[in-house]
Amino acid sequence: QVQLVESGGGLVQPGGSLRLSCATSGSIFSFISMGWYRQVPGKERELVATITRDGSTIYADSVKGRFTISRNNAKNTVYLQMISLKPEDTAVYYCNSVPASNKYWGQGTQVTVSS
């Protein structure tokens, strides 16, 4: 069964940094676009960063210049480097294919930005 496991979240002060990792259990993810999504209670899940199979990246305006998505296909892992974090970045972060597939949603990793 294909799984996605997110890790790397935590509590960080405004202006701080975190690096999220998404470990995938199947090599299929090396051949498709992958993305990082985030969700806060009461709001819809939003796509914040996408990386295509050839490494092209797309970012939501809210994170552009602060977040960097990358992938290591040899390790079947997708990363999200986040810098200059703001309180409004607080959310549960998930990785999934782009477009997202309901069968790939994992548990996510909580990111809390607070002083």
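Read the figures in this text as sums done on the coordinates, not as results from a lab. Everything numeric here is computed off the predicted structure, so don't read it as measured data. With ideal geometry, Cβ positions are generated from the backbone for all residues, glycine too; neighbour counts draw on all protein chains shown.
Amide H neighbours of G10 under 5 Å, at least 5 residues apart or on other chains, H built in the peptide plane: list them.
Long-range HN contacts for G10: V111, T112.
On full extension of the chain, what length is gained from A23 through I83, given 0.36 nm per residue of separation minus the C-alpha to C-alpha distance?
Working: separation 60, 0.36 × 60 = 21.60 nm, distance 2.09 nm.
Contour length minus Cα-Cα distance gives 19.5 nm.
What percent do you get for the relative contact order of the chain when only Cα pairs under 8 Å and 6+ apart count?
Details: 273 pairs, mean separation 42.4, N = 115.
Contact order relative to length: 37 percent.
Near V78, within a Cβ-to-Cβ distance under 13 Å, what is the net charge of the other residues, with Lys and Arg +1 and Asp and Glu -1? Intermediate values should be presented prior to the final figure.
On the way: positive: R19, R53, R71, K75; negative: E6.
Once all neighbours under 13 Å are counted, the net charge is +3.
Given labels modelled 7 Å from the Cα in the Cβ direction, how far is it in nm from Q13 to S62?
2.5
Just add up the charged neighbours of R38: K/R +1, D/E -1, any other residue whose Cβ is under 12 Å from the Cβ of R38.
Details: positive: K43, R45; negative: E6, E44, E46, E88, D89.
Charge balance in the 12 Å sphere: -3.
Residue by residue, what Karplus-based ³J(HN,Hα) values in Hz, rounded to whole numbers, does the stretch 16-31 have, using 6.51, -1.76 and 1.60 with θ = phi - 60° and x for Gly and Pro?
For the stretch 16-31, the Karplus curve yields x, 10, 8, 10, 9, 10, 10, 8, 10, 8, x, 5, 4, 5, 5, 10 Hz.
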